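Input: a single structure, listed below in structure tokens.
The values are calculated or read from the model by the stated rules, or taken from the named source; none is laboratory data. What you are looking at is a predicted structure, and each value in this text was computed from that prediction instead of being measured. Reconstructed Cβ throughout: ideal geometry from the backbone, glycine too, with neighbour counts over all protein chains shown.
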Amino acid sequence: MQNNLIKISFKLNGKQVESEVLAGMTVLELLRRNFRLTAAKEGCGKGECGACTIMLNDQPINSCLKLAATLKNDDEIISVEGFNEDKLMNNIQQAFVEEGAVQCGFCIPGMTITSYHLLQNNPNPDEHAIKQALSGNICRCTGYRKIEAAVKKAADRRHE
Ligand code: FES
Ligand code: FES
């Protein structure tokens, strides 16, 4: 029986990779099933919660909305796992821990990627900018104040 697999190639966490996907498979499913990268989570599955946030070509996207078959050779995906050696990301993660911003942890990979993108583009965000940046990331544990404090702390630390 023909299973209509589509061959794709793209850059993932610094390496060119290949995979075979079904037409309807999302990038979130691709990462979790084909590459066993499980930091990005499926919350709503329809672009509303941000739990599945990853970087695609330096922009945070909801990976549950992007079809894997649309990835091109020169597309570059970075998931949280790909930021292990990154100083800014390590700073953010450390600040989340110190501020007690991690409760169940489900939203945290997405929160940290969104925060990373914010701090890359705005090294000194005020409260409004932080709230705005994180507005697409939902925390079901409602830990927003601590999450916002963690982002502020990570920003302040960059200037020490
Ligand atoms: S799982 Fe993708 S936005 Fe909620
Ligand atoms: S820490 Fe539980 S969903 Fe945010």
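The single condition among (1) outside any strand (DSSP E or B); (2) over 30 Å from residue 104 (Cβ atoms); (3) free of Cβ contacts under 8 Å to residues at least 60 places away in the same chain; (4) not charged (D, E, K, R) that residue 69 does not meet is (3). Does residue 57 fit the bill of being touching a strand residue (DSSP E or B) at 6+ places or on another chain (Cβ under 9 Å), away from ligand 1 (no atom under 16 Å from the Cβ) and at pLDDT 95 or above? Yes: the conditions hold for residue 57.
If you go through the stretch 122-142 and keep only what is within 18 Å of the chain's Cα centre (by Cα), closer than 17 Å to residue 50 by Cβ and not in a helix (DSSP H, G or I), you end up with 137, 138, 139, 140. When 110, 43, 50, 105 are checked against the criterion of being within 16 Å of ligand 2 (Cβ to nearest atom), within 14 Å of the chain's Cα centre (by Cα) and not in a loop (DSSP other than H, G, I, E, B), 110 stands alone in meeting it. What residue, among those in the stretch 145-157 that are in contact (Cβ under 8 Å) with a residue 12 or more places away in the chain and surrounded by fewer than 21 Cβ atoms within 10 Å (Cβ to Cβ), is nearest to ligand 2 (Cβ to nearest atom)? Ranking the candidates gives 146 first.
Scan the stretch 123-131 and tell me whether some residue there is closer than 29 Å to residue 21 by Cα and buried (at least 21 other Cβ atoms within 10 Å of the Cβ). There is no residue in the stretch 123-131 that is closer than 29 Å to residue 21 by Cα and buried (at least 21 other Cβ atoms within 10 Å of the Cβ). No other residue among 135, 115 is surrounded by fewer than 21 Cβ atoms within 10 Å (Cβ to Cβ), of a type in the set (Gly, Ala, Ser) and out of contact with any strand residue (DSSP E or B) (no Cβ under 6 Å at 6 or more places or on another chain) apart from 135.
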